[in-house]
Amino acid sequence: MRRRIHVLWLGVPYVLYLGALPLVNRVRPVVFGLPFLFLWLLIATLFTPLAIWMTWRGDQRLRQRQDARGGEALGARDE
């Protein structure tokens, strides 16, 4: 069975934007003049491309390993 654990990185933006929202939905503390919720959303926005890049990098490594083994298609199941 193929392991694509790196795809879990795509859950990071979901957790940052929606999962943690009830916990961070507050004005105080004010950091750098920004209410905490705005700062949190800014941080989540900065982490989203990083999470997508980590997923892409994981796919690239998986593809390289598969090519080294003989060109097994990405997305096909091993059984």
Seminar exercise, completed: Note: ARG3 to ILE52 extended length (0.36 nm per residue) minus current alpha-carbon separation gives 15.9 nm
For this session: Go through (1) 20, 63, 17; (2) 17, 33, 22, 15, 10, 2; (3) 17, 45, 28, 10, 0 and flag the label whose value is the computed P(r) over Cα pairs in 10 Å bins from 0, in percent for this structure.
Result: (2)
Problem set entry | Surface per residue (accessible, 1.4 Å probe) for the chain, Å² | 79 Å²
Exercise. Over the chain, what percent of the accessible surface lies on carbon and sulfur atoms, probe 1.4 Å?
Worked result: 65 percent
Exercise. Put a dot 7 Å past each Cα toward the Cβ at LEU39 and LEU21; how far apart are the dots in nm?
Worked result: 2.1 nm
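Are there any chymotrypsin sites (Phe, Trp or Tyr not before Pro) in segment 20-74 that are in a DSSP loop and have at most 11 other Cβ atoms within 10 Å? List them by number.
Filter output for segment 20-74: PHE32.
The values are calculated or read from the model by the stated rules, or taken from the named source; none is laboratory data. Values in this document were obtained by computation on a predicted structure and should not be read as measured data. Cβ coordinates were reconstructed from backbone atoms using ideal geometry, including for glycine residues, and neighbour counts include every protein chain displayed. Side chains included, ligands, DNA and RNA excluded: accessible areas come from the protein's heavy atoms. Shrake-Rupley method; radii C 1.70, N 1.55, O 1.52, S 1.80 Å.
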